[in-house]
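Just so you know, all these numbers are worked out from the coordinates, no wet-lab data involved. Since we're looking at a predicted model, the values are computed, not measured. Note that each Cβ is placed from the backbone with ideal geometry, even for glycine, and that neighbours are counted across all protein chains shown.
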Amino acid sequence: MCLRMEKKNSFSTKGGHLTSMTSSPVAIQFSPQSVPSIPSWFGEVTVVARALAHFGILTTIQERVRFARPRFGTYEVIDFLAVLIGYTLSGEPTLEAFYARLLPFADTFMALFGRNHLPHRATLSRFLAALDQPAVEALRVVFQEDLVARTPFASPPGGVWDRQNQHWLVVDVDGTRQAARQRALPDTPELPAAHRRFDRVCAPGYLGRRRGEVVRTRTVVLQAHTHQWLGTFGNLGNGNYRAELLRARDVIASYATALSLPLSHVLVRLDGLYGDAAPLADLLAPGGLGVIVRGKAYDLLDLPAVQHRLRLPPDQQTIHPESGTSRALFDCLNIPLTPTGPLVRMILAAHPASDVPPPIGVVRNGTVYEQFFTTVPPHAWTPADVLALYLHRGSFETVLADEDQEQDADRWFSHTPQGQEFCQIVAHWMWNLRLELGQQVSPTSMRRTDFTPDLAVLSVPPVPPAHLEAPPAGNHITQEERPIVYGPPQWARSSYTKGFAGADFIPQPDGTLRCPARRPLHAQERRKEANGSVRVLYAARIGDCRACPLRECCQESGTTRKPRRVSAVLWPISPSPDSEEAPPMRQEVLAPPPGSSVLWGDWERCQIRRGFLTLLRTQSVTVTQPAPEDHNGGGMAGNPPAVLTRAQRAHWRLNWKQRLARNARSDTAPSLKLTVFGLPSSFATFLGVPAA
């Protein structure tokens, strides 16, 4: 069979010449009939609405989140909540843009939630402005109960396993701030007082660097392994961080109790805002939560026990593999934050100071000290483990950045505190549902990461088994009543070739040595000798020794491939019996078992959520509804008017069931059929939806 295609040409005269134009192979037509396209986010709204109805959440909200106010017409909380859910999932920049895309499908949208009419966006604004705190707290309770009602990931949901194979759950708490610009208005006696929209929701704060700028602070609680939000608490200006931390503690305690996790094994990571005694006192109560926080109580460096500890070699030396930054870690146990407690484990990270003032830490005698407080036991967590776990807190910032891009929960939903917080709870709820449904569509397994840092570690001197005791339960850290105190280091003598002796290498405050060529030597090994002394071995970098002009004098050879090493011996001494306070800073603790490691178990931060969004926004959604004549039934216009009851005529007050029924979708309403393509059959079975 032979096919012959002919090209049809047409000619036009332009400038006295004939121009050949090839006819288009595509037939294009234009129609004046309006057929709006279904928004790309409508499929996700359909799935989420079905999930909320299938889990019974819509019914729970109608029964427990109640708020009544005149001039709302026939609408209830569930009607406005449906609009907020769609607005959050849509990602539209403004509420006006969301309504412009939604109005052609308003009836279908409200039918997904079992409701009839869509409230106007002005009515939604009045609802958010009139909300009271009991309604907000009722929604928060339902949100927190739904968080633990299902476990799509695992039970317990991820965690970190220490060197003793004990399970810990990590939770991050921090605050975000949103600034609002407002015009500078004159304030003179002849002018009336200015009324600003943000007076109830904002106040001057740290971000007020421009004239007329005010801020609002939002404290959020994140589960670090599944990246689910546990709570959000907003406040004016800089907020009340201590009161919000107490509320976060109650939320974390309820979450741990629902998962049957001991509170002592829930680690709360905090930044330096909470790094002093006042906010930590409540968290460190007996039987309370575990804590790892960057400290800011640098006056503790002046304690005699801490000063004595800093004169001894560090416990560990960390070197960043990329930047080469070296930190000497000093582990200080049982440090009182105040004279009356509480006692914490303080870890000091020291490194030499530069000409530029450090953004974090305090400078003492040319050394920068960074302070960390924690309650994890030293027999399961080395100082380097604690530092690595805290620095991993940087992943919390990436989650906040993802939230700003996908939902922008800090946007201004309302100009009242209750309305703003109500919408932010809905935003966090939708974030968690995206993670849960994304895990159901494409199940993923928990990934485990070896969290043990690759460091030059100073071994803790071993203790004979007869003197060891089992580590106590809880967060308190114990040590021997009579600690071992070591004297000043004794350096190796110079060799017969008259090279540099050990005393020529000057100790530095960060725990390193400085060679005559002003190069650092880091501690590589610490071992206890048979005579009771402790030998510390320091080594330089081979790259520094190769290019050193003093190499032959220092190493007695210019061709050796080994770096220079120096050893020091520390002899134990007994504390003076007449001293007022014996230095208690060299503790003998149970070392982590050899070969053990810290394992971090979590799920993908982005792929689960973004894969779910990409799938639903690239698949078709079809809506089938009856024609307008079928909706009228052919004779509705001629029906007699309904007979009013005495209650309707007298406008008696309605009960909650009657109020909800006013805008509920009638059972006799025409049925709608929505088909969402691209979802697997297992997911349809999970939501109780028949597969097409």
Translational diffusion coefficient of the stretch 488-570 at 20 °C, 1.002 mPa s, Stokes-Einstein with Kirkwood Rh over Cα pairs, in µm²/s as a whole number. 163 µm²/s
With θ taken as phi - 60° and the coefficients 6.51, -1.76 and 1.60, list the Karplus ³J(HN,Hα) couplings across the stretch 192-200 in order, rounded to whole Hz; mark glycine and proline as x. x, 5, 7, 10, 9, 5, 9, 5, 8
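Name the chymotrypsin sites (Phe, Trp or Tyr not before Pro) in the stretch 76-168 that are in a loop by DSSP and that have at most 12 other C-beta atoms within 10 Å, would you?
none
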Using the Karplus curve 6.51 cos²θ - 1.76 cosθ + 1.60 with θ = phi - 60°, work out ³J(HN,Hα) for each residue of the stretch 82-96 in order, rounded to whole Hz, and write x for Gly and Pro. 4, 5, 5, 5, x, 5, 5, 6, 5, x, 5, x, 9, 5, 5
Neighbour cut-off at most 12 other Cβ (10 Å), DSSP loop, trypsin sites (Lys or Arg not before Pro), the stretch 65-153: Arg71, Arg150
Sorted by Cβ density within 10 Å, fewest first, the residues His227, His379: His379, His227
Can you work out ³J(HN,Hα) from phi for every residue in the stretch 410-427, in order, using Karplus 6.51 cos²θ - 1.76 cosθ + 1.60 and θ = phi - 60°, giving whole Hz and x for Gly and Pro? 8, 5, 8, 7, 8, 9, 10, x, 5, x, 5, 6, 4, 5, 5, 5, 4, 4
With all pairs of different alpha carbon atoms counted, what Kirkwood hydrodynamic radius in Å does the stretch 499-540 show? 11.1 Å
For Thr624 and His320 in the same chain, what is the full-extension length gain: residue separation times 0.36 nm, less their Cα-Cα distance, in nm? 103.4 nm
Note the full-extension length gain between Glu213 and Gln405 as 0.36 nm times their separation in residues minus their Cα-Cα distance, in nm to one decimal. 66.9 nm
Near Lys562, which aspartates and glutamates are there with a Cα under 17 Å away, not counting those fewer than 8 places off in the same chain? Glu525, Asp544, Glu552
For labels at Ala684 and His195 in the simple 7 Å Cα→Cβ model, what's the distance in nm? 5.5 nm
For the stretch 148-229, state the semi-axes of the equivalent ellipsoid (square roots of 5 times the eigenvalues of the alpha-carbon gyration tensor), sorted largest first and rounded to whole angstrom. 47, 14, 8
7 Å from Cα along Cα→Cβ at both Ala27 and Asn531: what's the point-to-point distance in nm? 10.4 nm
With a Förster distance of 22 angstrom and the Cβ-Cβ distance between Thr645 and Ala68, calculated FRET efficiency to the nearest 0.05 equals 0.55
Starting from the Cα-Cα distance between Thr340 and Gln524, subtract it from 0.36 nm times their residue separation and give me the gain in nm to one decimal. 62.4 nm
Long-range amide H partners of Ser567 with built H, under 5 Å: Ala492, Tyr538
Between Asn240 and Ala129, what is the FRET efficiency for a Förster distance of 22 Å, r being their Cβ-Cβ separation, to the nearest 0.05? 0.45
Calculated log₁₀ intensity ratio I(q)/I(0) where the Debye formula runs over C-alpha points of the stretch 124-164, q = 0.23 Å⁻¹: -0.83
Amide hydrogen neighbours beyond the local backbone of Phe451, cut-off 5 Å, H modeled: Val598, Leu599, Trp600
